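The values are calculated or read from the model by the stated rules, or taken from the named source; none is laboratory data. Given the structure is predicted, the values throughout are model-derived calculations rather than measurements. Ideal geometry is used to build each Cβ from the backbone, glycine not excepted, and the neighbour counts take in all protein chains shown.
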Amino acid sequence: MAEILAVGEALERALALLRGGDVVAIPTETVYGLAGDATNGIGVARIFEAKGRPRFNPLIAHVADMAMAERIALFDPLSKQLALAFWPGPLTLVLPQRPGNGIHPLVTAGLDTIALRMPRGFGGDLIARLGRPLAAPSANSSGKISATTAQAVAADLGARIKLVVDGGATPVGLESTIVKAEGERLRLLRPGGIAAEDIEAAIGMELLRGGAAGVEAPGMLASHYAPGAAMRLNAGTVGEGEALLGFGSERADGWRLAAAFLNLSETGDLREAASNLFAYMQILDSSGARIIAVEPVPFDGLGEAINDRLSRAAAPRDNILAAT
Ligand code: TXA
Ligand code: MG
């Protein structure tokens with residue numbers, strides 16, 4: 001069972017776990033978050049594993065200060081204005097990523113944008129000490145409501161994580177408001193802890209609402225990286241000119257003919273495979289092959305989320321919205 005430590009005594013233990021690529025449940029002003037080092041693919045894979053997420057939705061990267069935020073993302077003037085007005089606080093900004101920012105692609109599900117937030121209190125202190133951003137979805141297992149006390153986190157995830165940091169009941173009690181710049185306007189992607197009216201007052205204009213063209217709700221497939229190449233799943237053979245995305249130690253027939261080959265995990269470790277998934281799809285896609293054949297990946301543990309993401313990437317492009 002997870003250890004529960006009060007904020008005053010948890011910092012060193014939390015740092016040690018995060019530096020070792022493990023996850024920690026932490027209080028934020030909105031809800032408890034299940035945090036991992038956003039630059040460490042294994043740490044990020046462990047977040048999905050502990051939550052039992054059947055999908056890899058993009059996560060929010062939490063920062064300690066504006067300098068860290070600007071190393072990760074490119075701010076337009078409106079987003080900058082909101083950050084200065086509401087950070088630290090329950091506001092998440094979706095921004096273009098700064099190339100080479102070191103954020104692991106599993107955090108963003110391979111998107112070229114990133115959701116950023118600067119939390120108040122313990123989370124901010126922890127990130128400042130770690131010197132790295134923390135990826136953190138709400139600390140609840142998939143399909144359950146977000147936890148607002150350490151006891152609720154421990155009851156739900158306690159068997160799967162080592163530490164819950166207890167900061168008492170979270171003051172806001174619901175998730176952050178998410179907005180995204182679109183040209184000269186801002187779109188409300190998720191209502192939350194800061195009222196949309198307060199954001200509108202700060203920027204002196206109305207927020208766009210409803211789904212953006214081609215984008216369903218945040219985290220849905222249409223907003224995710226879709227390879228230019230077609231994907232052929234559960235491949236037992238490789239056709240000439242196809243790229244091959246492998247898994248485990250057994251190879252598909254004809255694999256030596258593959259135009260390019262990468263193995264998600266030679267040892268069949270699903271955590272390692274999850275951490276390699278988005279980067280490897282992108283690399284094979286940029287190899288120029290028209291088809292990426294993918295060896296079978298088992299469905300247990302993180303395999304369910306890996307298979308979900310693969311089948312979404314393989315869905316016919318016309319059906320991409322229907323497939324969400
Ligand atoms: O208050 C909160 O926001 C809490 C605390 C822990 O910070 N976190 C939280 O995370 O609610 P999560 O993972 O439960 O929700 C994150 C939301 C998802 O709806 C996801 O799809 C969206 O943020 N999101 C993340 N990156 C995105 C991106 N690049 N574009 C659009 N939406 C994004
Ligand atoms: Mg959540």
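Numbers below:
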quantity	calculated
Qualifying residues in the stretch 258-291 (those that are at pLDDT 95 or above and among the polar types (S, T, N, Q)) - the one nearest to Glu49 (Cα to Cα)	Ser265
Residues of the stretch 102-129 that turn out to be closer than 11 Å to Val63 by Cβ and more than 15 Å from the chain's Cα centre (by Cα), as a count	6
Residue, nearest to Leu302 (Cα to Cα), within the stretch 239-291, restricted to residues that are touching a residue at least 40 places away in the same chain (Cβ under 8 Å), of a type in the set (Asp, Glu) and not in a loop (DSSP other than H, G, I, E, B)	Glu272
Residue match in the stretch 153-171 (condition: more than 13 Å from Ala35 (Cβ to Cβ), within 14 Å of ligand 1 (Cβ to nearest atom) and not in a loop (DSSP other than H, G, I, E, B))	yes
Enumeration of residues in the stretch 50-67 that are surrounded by fewer than 19 Cβ atoms within 10 Å (Cβ to Cβ), not small (Gly, Ala, Ser) and not in a loop (DSSP other than H, G, I, E, B)	Met66
Which numbered condition Glu70 misses (of (1) part of a loop (DSSP other than H, G, I, E, B); (2) at negative phi)	(1)
Residue in the stretch 172-180 that is modelled with pLDDT of 95 or more, more than 16 Å from ligand 2 (Cβ to nearest atom) and farther than 25 Å from Arg55 by Cβ present	no
Members of the stretch 182-203 that are touching a Leu at 6+ places or on another chain (Cβ under 6 Å) and assigned to a strand (DSSP E or B)	Arg185, Leu186, Arg187, Leu188
Gly124, sole failed condition from (1) in contact with a helix residue (DSSP H, G or I) (Cβ under 6 Å, 6 or more places away or on another chain); (2) in a helix (DSSP H, G or I); (3) surrounded by 19 or more Cβ atoms within 10 Å (Cβ to Cβ)	(1)
Count of the stretch 127-152 residues which are in a loop (DSSP other than H, G, I, E, B) and more than 17 Å from Lys51 (Cβ to Cβ)	4
Checklist (1) part of a loop (DSSP other than H, G, I, E, B); (2) within 13 Å of the chain's Cα centre (by Cα) applied to Gly21, failing item	(2)
Meets criteria (within 25 Å of Pro298 (Cα to Cα) and modelled with pLDDT under 95) for Gly43	no
